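The values are calculated or read from the model by the stated rules, or taken from the named source; none is laboratory data. Fair warning: this is a prediction, and the values are worked out from it, not measured in the lab. Cβ: placed from backbone, ideal geometry, glycine included. Neighbour counts: every protein chain shown. Ligands, DNA and RNA are stripped out before the accessible areas are found, and what is left, the full protein with its side chains, is counted by its heavy atoms. Shrake-Rupley method; radii C 1.70, N 1.55, O 1.52, S 1.80 Å.
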Amino acid sequence: IFFRRSMSTNTDLLKVTKLDGQAVLRGLGTVEGKQFQVDNLKNCSVFVFDYCDSVVIDDCSNCNFVIGPTSGSVFIRDCDNCTLAVASQQLRTRDCKKISISLFCPSEPVVETSTEVNFAPLNVAIPNGNVLLEKAGLKATDANLYSKVHDFSKSDENIPQPHFTTTALEAAKEIIAYDLLPEEEGGETQPGQIPDSIKSAFPADVAIRRVKVDGTGNEVSEKAKEAPKEQAAKEEPKEETGGKEAPKATEEAAETPSDKAAEEKAKPKLIGEEKPASGKVKWYSQKKGFGYATTTEGLDVSIPRTAVPKGMKLVADAEVEMTIGETEKGWRSLTVTKCTPPPEDPDKKEDDNGGVADPEAEAERAAAKKLKDEERRERKKLKEKERREKKKEEKREAAAKKEKDGAKDGEAPKEAETKGDKKDKKDDKKSNDKDKEEDKDKEQEKKDKKREKREREKERKKEKKAKEKEEKEKKEKEEQEKKEKEEEEGGKKKKKEKKKKGTEEEKKEEEKPAPVEATDKKKKKKEKEAEAKKEVPAPVDEASKKKKKKRGQNDVDEPPATSGGTRLPGTSSTGSPTSNARGKKIHVMHYTDERHQQMKTFLNESDMYVKTLDNRQMLRRQIEFDPTSILIAVEDEVIIGTVYVLYNPWQAFIYHLCVHPEHRNKSVANLLMDRAEVQLKARGVHCPTLFVEAGNKTVSAFYEKRGWFATDHCLCMGKDL
């Protein structure tokens, strides 16, 4: 197998979007272990014959996806009437309908708010399947947990049933093997390779259907190729006999010169020279007198009846030696010189084509036989019941007749009849007991269903109350924040108005001519007030102190004030300190790739830059997966703080909380953590995780003040690779 040299993958090949009625092919070396994204497709076929890191499929309908081995997760959202074949580490569906998934997965697949999702074992092979499986880090020896589906919406009655179904391995009809056309292979693929994980899971005699794909992703089925050849085969026997039906193989008639001439006339026109070849028979119909074989060179060769000697019988998988030639319609067998039949298998049943009988027909016959047996048993039961009732009726009539006669000789038979009656009564009692037990079981099932329904109703009500409570708290919090903002804005406006009035009065006083004595008195008064402001401490407002405690500020953060109650420069009207000069604000926003140089400078100055984690490629990859995962605090277009909020459907982490040394102890960390916690809560996360180095008491104290707690049941472990 030859692989392309590693080169920078074209990012345009990693995403397929907004297509209708088209086929897409991504060959070897186009993805190379990176994330592959698909969205907004209709009536399309997508083939990825390479290994991937993760796959995201969004908003697609009536599409067919064949995806190469994936080392991470495959996520399908908002799709309907689609088929998917993939081997991956994880798989999840959300808001999907009528999806058919052929899957190899060592972990439990997940279904969320989806309906009519069918899971079946992976029965699709792609070129270089075994090699790509190893490159993706998947092991063929792992158990395939395709049927162990976890349903997150199990108790949600608003979603139509069934949420999902599974198909057993025994029900699989065939393995589909995709190959590239010879002109598309270029010596780089190994066509027809079926991974061991697929082949070993199915029975040895399972049918294999090969489908060739061209460079644009369009399927070229072998059945479509063989159709014109079969039509030609139907016409060929007639040509060879001058327009009449070919004679049966069992007929033995002496060849006449006229027959030889007709045979010479019916010989096909060859493009090249004849040559010997050997191979295996794919199928041969004794009725039609036509079949196909595959040579050791990989050529498909048609076998007409005239090429088979009398007395020779061709069957599927028989090894043959023959002389072949190329015609306008393809390769054709001229004479079959030798036929070695395959070893006999007593379990296999041959059909008219000399191959194995159709498994679907066998299954239908078995089901019909089972149905007939059940009907026969039912009829037998009814007849037995009618016979018993008739017997009872006869006995009752005989007893009534003898009572009327009152004859003495009727005592003996009466005694015998009573014994028979007792036996019948016992049988009736047994049947009644059985009926009662069945009724009890049915009643118990009804009770269990009612109890389960009541429990589900209780859970639903609890969830509803919890949601209402959360919404109420959220509204109250929003109203409180709104009031606080309004108060702040009102205070700022009043302050501005007072300043304006003061400046206007001062201007008027300056414009008025004042006597020398009055100006001296004013100067002395101002000097005394300034001294009093320096000496007298500012009064503490208890109401404002309580508000600050609610916002998470300490008494240490109280801004200094004059004896008149006015704030010093560098603080806001609400008492929370600003970063620099008066009027500057801190904005918390999401990180974008354009700010990478700023981010790198900020992390280096804060002594928090990790080259393997904070390089541009890693940060770009993270925000491509989740654009909201990195928060930054910005002042005057300069980054002064950051925190990473890493989220996946199973867990959430707070990581890399950092504030510039010049801006620490100014509530920047609290602003970032407030935004991070609100973001995680909106996604439905109730208990995120973060890591603090042992012995770092300052950081631990910061998180404990915010309500975080340490866990004793977990052990943090690591390894250098």
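When V48 is tested against (1) closer than 25 Å to Q622 by Cα; (2) surrounded by fewer than 20 Cβ atoms within 10 Å (Cβ to Cβ); (3) of a type in the set (A, V, I, L, M), exactly one condition is not met: (2).
Residue check: K34 meets all listed conditions (1) touching a helix residue (DSSP H, G or I) at 6+ places or on another chain (Cβ under 9 Å); (2) open to solvent by less than 20 Å² (accessible area, probe 1.4 Å); (3) of a type outside the set (S, T, Y) but one, namely (2). Cβ-Cβ distances below 6 Å connect the following pairs, each with a first residue in segment 90-107 that is among the aromatic types (F, W, Y), a second residue that is open to solvent by 30 Å² or more (accessible area, probe 1.4 Å), and a separation of six or more residues or different chains: F104/N144.
For the structure I just gave you, tell me whether L603 is part of a helix (DSSP H, G or I), at pLDDT 90 or above and among the hydrophobic types (A, V, I, L, M, F, W, C). Taking the combined requirement at face value, the residue satisfies it.
In segment 589-601, the count of residues that are closer than 25 Å to K477 by Cβ and in contact (Cβ under 8 Å) with a residue 40 or more places away in the chain is one or more.
Filtering segment 211-234 for residues that are more than 41 Å from the chain's Cα centre (by Cα), exposed (fewer than 11 other Cβ atoms within 10 Å of the Cβ) and either among the aliphatic types (A, V, I, L, M) or at pLDDT 50 or above (or both) leaves an empty set. The C-beta contact set for segment 293-315 (first residue assigned to a strand (DSSP E or B), second residue of a type in the set (A, V, I, L, M, F, W, C) and open to solvent by 50 Å² or more (accessible area, probe 1.4 Å), distance under 7 angstrom, 6+ apart or interchain) comprises D300/W331; V301/W331. Condition first: of a type outside the set (S, T, N, Q) and touching a residue at least 60 places away in the same chain (Cβ under 8 Å). Now tell me which residues in segment 130-152 satisfy that. Of everything in segment 130-152, those that are of a type outside the set (S, T, N, Q) and touching a residue at least 60 places away in the same chain (Cβ under 8 Å) turn out to be V131, L132, L133, K135, A136, G137, L138, A140. Listed by first and then second residue, the pairs with beta-carbon distance under 6 Å, at least 6 apart or on different chains, first residue in segment 201-216 and over 19 Å from A120 (Cα atoms), second part of a loop (DSSP other than H, G, I, E, B) and open to solvent by less than 40 Å² (accessible area, probe 1.4 Å), are K212/L181; D214/L181. Residues in segment 50-85 that are of a type in the set (D, E, K, R) and in a strand (DSSP E or B): D58, D59, R77, D80. Can you name the residue in segment 603-628 that is in contact with a helix residue (DSSP H, G or I) (Cβ under 9 Å, 6 or more places away or on another chain) and hydrophobic (A, V, I, L, M, F, W, C) and is also surrounded by the most Cβ atoms within 10 Å (Cβ to Cβ) among such residues? Looking at residues that are in contact with a helix residue (DSSP H, G or I) (Cβ under 9 Å, 6 or more places away or on another chain) and hydrophobic (A, V, I, L, M, F, W, C), I get L619. Here is a check on your reading of the model: is K464 among the basic types (K, R), part of a helix (DSSP H, G or I) and over 30 Å from the mean Cα position of the chain (by Cα)? Judged against the criteria, K464 is not a match.
If the condition is being among the hydroxyl-bearing types (S, T, Y) and surrounded by fewer than 16 Cβ atoms within 10 Å (Cβ to Cβ), then segment 285-316 contributes T294, T296.
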